[in-house]
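Student: Handing you a structure now.
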Amino acid sequence: MRGLRRTPRIPRRASQALIAELLDRQGLSTHILPTSATMVGVCMTVLSIGRIGSGANWHMLVDKFLAVDALIFLASALLSFGSMRSRRRDISYEQWAETVFLCGLGLLALVAIVLAFTIR
């Protein structure tokens, strides 16, 4: 037992502050990553369902926008992952991930509006 090192006890208040600091450091990235991955799936689902319908010219435009939107959400997920894995805090991957994610949501909303007014 002499060779074993004991880990020092951290007072309860200090451990709660440490946990709060760690959670604060992760920020939005823990929410952006799974949501972006889900939104890539949503774009792919709408693309698949769109293939079932008629082959009108607007379908091609919507398909292109959804494909670009899926790539935007993928970029957001990658930036969010980079933010969580990065040890350097001077590079703000999280802010970029948030901005790219909001752009993807905006594009998806535009595509939804186009779909709503073109479906008969």
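The values are calculated or read from the model by the stated rules, or taken from the named source; none is laboratory data. All values reported here derive from a predicted model rather than from experimental measurement. Cβ: placed from backbone, ideal geometry, glycine included. Neighbour counts: every protein chain shown.
Student: Are any of the residues in the range 36-56 within 20 Å of Val114 (Cα to Cα), modelled with pLDDT under 85, of a type outside the set (Asp, Glu) and surrounded by 13 or more Cβ atoms within 10 Å (Cβ to Cβ)?
Tutor: Yes, the conditions are met somewhere in the range 36-56.
Student: When you scan the range 83-99, how many residues do you find that are surrounded by fewer than 22 Cβ atoms within 10 Å (Cβ to Cβ) and modelled with pLDDT of 90 or more?
Tutor: 3
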